[in-house]
Amino acid sequence: MTRFLIPAIVAAALFAGCVSPVQMIDKKGDSLIAEYVSSFNAADEEIYVQKYPNSEAETFLKENAPVFECPDKELEKTWYFRWWTFRKHIKSTPEGFVITEFLPDVPWAGKYNAICCPAAHHFNEGRWLKDPVYLEDYADYWCREEDDARRYSYPVAQSFLQFFKVHPDMNLILDSYEDLKEIYSAWEDDHREDPDSLFWQGDGYDGGECSISGYLSDDTSGYRATINSYMYADAVALSTMAAMLGNSEEAKMFSEKAERLKDLINNKLWDESARFYKVIPRHRDGSFSPAREEHGYIPWLYDIPKPEWADAWLQLTDPDGFKAPYGPTTAERRAEGFQILYEGHECQWNGSSWPFATSQTLTALERHLHKYGEGPVTKKDYFETLQTYSNSHRMTKEDGSVVCWIDENLDPFTGEWIARKLLIERGSEYRERGKDYNHSTFCDLIISGLVGIQPQLDGSIVIEPLLPENEWDWFSLSKVYVAGKEISVFYDKTGDHFGKGKGFFVYVDGHKVASDDSYVTKIVI
């Protein structure tokens with residue numbers, strides 16, 4: 001491990017006379033944005049327009065989006081496509097900005113067509129935009145609309161804290177803490193029998209309707225790793241916020257809540273025989289659902305599992321488990337209830353691949369690898385699953401051309417977008433309901449995972465790439481803004497690509513703060 005501890009201000013003074021390659025990389029990035037936006041706009045039928053139309057996409061991305069370049073041009077294309085689509089979902093309202101999931105209005109949404117189910121993804125992805133105003137307003141929205149914030153389960157306090165790590169403003173904590181406590185208490189009141197029991201939730205209100213485990217309960221509800229992990233994460237986040245506000249009593253209270261819930265999750269939802277977290281359907285005999293489902297990886301998002309349970313990740317790369325050409329699948333392929341249906345409900349989580357779940361799984365894997373390193377699962381597994389996910393962002397049009405696309409759910413064996421096909425066949429009132437769907441992350445997986453930029457609450461930044469060594473000879477990621485500082489990272493194995501020396505480099509505000517003449521495993525600045 002290469003470790004540097006250099007305050008950015010001191011580093012800037014030390015390296016003020018150096019010639020920085022950052023301007024060169026940023027200029028190339030502007031060129032890439034122009035090229036990609038032009039191609040995306042040309043292929044797009046712009047049906048729904050919110051704050052930033054296609055005509056303003058290039059300017060918006062140049063002003064706000066990080067710049068990424070790598071030898072894998074398909075992965076690079078997906079990166080810019082996802083920023084291009086995220087921009088479509090920024091909606092200006094009389095009460096500030098919100099981030100939408102669907103572009104057309106849908107009846108199950110709340111005010112301004114906002115839906116909390118994917119909000120954690122919105123915060124994880126959108127926090128990397130240079131201007132924090134969009135998510136500041138979005139956070140205010142969920143504090144004002146507390147009923148809407150509980151239509152679906154999601155870790156609201158933890159999401160706010162993830163945003164805070166990138167844009168640290170104590171006003172976010174001061175303004176939201178009491179509201180977040182009320183939201184947590186409301187979940188305790190109506191989705192938990194008593195303080196010593198697990199939380200329950202219906203599969204559809206976890207964002208996973210028609211699941212195998214849901215079919216086993218009279219009302220599709222169960223004691224699920226999803227909502228319980230979210231509530232654990234929120235208890236940890238609220239404890240952290242309370243400590244930041246100097247409230248040691250409430251910090252201790254939420255910390256104790258978190259520990260009790262963590263024990264319940266591990267003691268009750270871990271199926272030792274299956275080596276996996278499973279659902280216990282409500283109103284039955286208390287036994288586990290027979291199938292491993294992809295959401296069983298969610299506890300790894302929040303460091304809940306015991307280290308020795310990492311063999312659960314073997315299912316991700318097993319063709320009888322979740323691995324598929326356009327996967328992962330949402331249920332293990334060996335399960336009796338596994339199916340890919342083009343009939344019934346258009347949104348089924350019993351086999352099809354969902355970007356929502358895929359991005360959760362990859363984020364969980366990233367956090368496991370960063371904490372425990374390689375073992376049963378490796379950096380190569382992360383990289384290959386990310387590539388599979390990237391390659392699923394495509395659609396073949398009737399004329400045979402292939403375009404970048406993100407929609408609801410897809411056939412894990414053919415890559416066809418299932419809900420879209422069914423809605424068109426059924427003459428749905430929604431015109432391209434799932435087009436440019438904002439229900440997952442992608443760019444955060446590159447920043448936090450592949451390149452490994454990890455802002456910490458103490459103000460330091462850990463850079464720990466999950467890109468396997470010798471996979472690429474070069475890459476660059478720049479215009480990443482953390483606490484008002486511009487972070488740039490690039491690697492050049494031979495020194496020939498960028499012409500600025502060989503090895504791994506980190507720049508802050510255009511000044512070199514760390515470098516190594518080889519590929520690095522970890523840097524702290």
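What to note about this one:
- Scan of segment 426-454 for residues that are more than 19 Å from HIS393 (Cβ to Cβ) and surrounded by fewer than 22 Cβ atoms within 10 Å (Cβ to Cβ), ordered by number: ARG426, GLY427, SER428, GLU429, TYR430, ARG431, GLN454
- Within segment 8-43, the set of residues being modelled with pLDDT under 50, surrounded by 14 or more Cβ atoms within 10 Å (Cβ to Cβ) and not in a helix (DSSP H, G or I) comprises just one member, PHE15.
- Filtering TYR277, TYR184, TYR232 for residues that are touching a residue at least 40 places away in the same chain (Cβ under 8 Å) and farther than 18 Å from ASP303 by Cβ leaves a single hit, TYR184.
- Candidates LEU314, LEU365, LEU369, LEU301, filtered to the one that is under 22 Å from GLU74 (Cβ atoms), out of contact with any strand residue (DSSP E or B) (no Cβ under 8 Å at 6 or more places or on another chain) and not in a loop (DSSP other than H, G, I, E, B): LEU365
- Filtering ALA186, ALA157, ALA225 for residues that are at pLDDT 95 or above and in contact with a Pro (Cβ under 7 Å, 6 or more places away or on another chain) leaves a single hit, ALA225.
Residues are listed down the side, and each one gets a yes or a no for (1) acidic (Asp, Glu); (2) at pLDDT 95 or above; (3) farther than 23 Å from ASP234 by Cα; (4) part of a helix (DSSP H, G or I):
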| site | (1), (2), (3), (4) |
| --- | --- |
| ALA251 | no, yes, no, yes |
| GLU259 | yes, yes, no, yes |
| LEU264 | no, yes, no, yes |
| ASN267 | no, yes, no, yes |
| SER273 | no, yes, yes, no |
| ARG284 | no, no, yes, no |
| SER289 | no, yes, yes, no |
| TYR297 | no, yes, no, yes |
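- Conditions (1) in a loop (DSSP other than H, G, I, E, B); (2) surrounded by 18 or more Cβ atoms within 10 Å (Cβ to Cβ); (3) in contact with a strand residue (DSSP E or B) (Cβ under 6 Å, 6 or more places away or on another chain); number of the one not met by CYS210: (3)
- When the criteria are applied in full, SER229 fails the requirement of being closer than 23 Å to ALA312 by Cβ, of a type outside the set (A, V, I, L, M) and not in a helix (DSSP H, G or I).
- Verdict on PRO66 being in contact with a Lys or Arg (Cβ under 7 Å, 6 or more places away or on another chain) and under 23 Å from LYS28 (Cα atoms): yes
- Flag if THR358 is modelled with pLDDT of 95 or more, closer than 20 Å to SER448 by Cβ and either in a strand (DSSP E or B) or of a type in the set (S, T, N, Q) (or both): yes
- Which listed residue is of a type in the set (Lys, Arg), surrounded by fewer than 21 Cβ atoms within 10 Å (Cβ to Cβ) and under 20 Å from LEU161 (Cβ atoms), from LYS485, LYS500, LYS522: LYS485
- Taken over segment 72-130, the criterion of being acidic (Asp, Glu) and without any contact (Cβ under 8 Å) to a residue 40 or more places away in the chain is satisfied by ASP105 alone.
- Candidates PRO328, PRO319, filtered to the one that is under 21 Å from LYS380 (Cβ atoms), touching a strand residue (DSSP E or B) at 6+ places or on another chain (Cβ under 8 Å) and in a loop (DSSP other than H, G, I, E, B): PRO328
- Qualifying residue in segment 169-183 (condition: of a type in the set (Lys, Arg) and in a loop (DSSP other than H, G, I, E, B)): no
- Scan of segment 441-455 for residues that are in contact with a Lys or Arg (Cβ under 6 Å, 6 or more places away or on another chain) and not in a loop (DSSP other than H, G, I, E, B), ordered by number: CYS443, PRO455
- Scanning segment 274-285 for residues that are of a type outside the set (A, V, I, L, M) and touching a Phe, Trp or Tyr at 6+ places or on another chain (Cβ under 9 Å) yields ARG275, PHE276, TYR277, LYS278, PRO281, ARG282.
- Criterion: touching a Ser or Thr at 6+ places or on another chain (Cβ under 9 Å) and hydroxyl-bearing (Ser, Thr, Tyr) - qualifying residue of TYR430, TYR437: TYR437
- One residue from ASP399, ASP407 being within 30 Å of SER38 (Cα to Cα), in contact with a strand residue (DSSP E or B) (Cβ under 9 Å, 6 or more places away or on another chain) and in a loop (DSSP other than H, G, I, E, B): ASP407
- Looking only at segment 235-249, and only at residues there that are hydrophobic (A, V, I, L, M, F, W, C) and buried (at least 22 other Cβ atoms within 10 Å of the Cβ), the one that is farthest from PRO299 (Cα to Cα): MET241
- The residues on offer are GLU101, GLU46, and the sole one that is acidic (Asp, Glu), surrounded by 19 or more Cβ atoms within 10 Å (Cβ to Cβ) and over 21 Å from ILE453 (Cα atoms) is GLU101.
The values are calculated or read from the model by the stated rules, or taken from the named source; none is laboratory data. Predicted, not measured: the structure shown is a model, and the values here were computed from it. In this analysis, Cβ positions are derived from the backbone assuming ideal geometry, glycine residues included, and neighbour counts consider all displayed protein chains.
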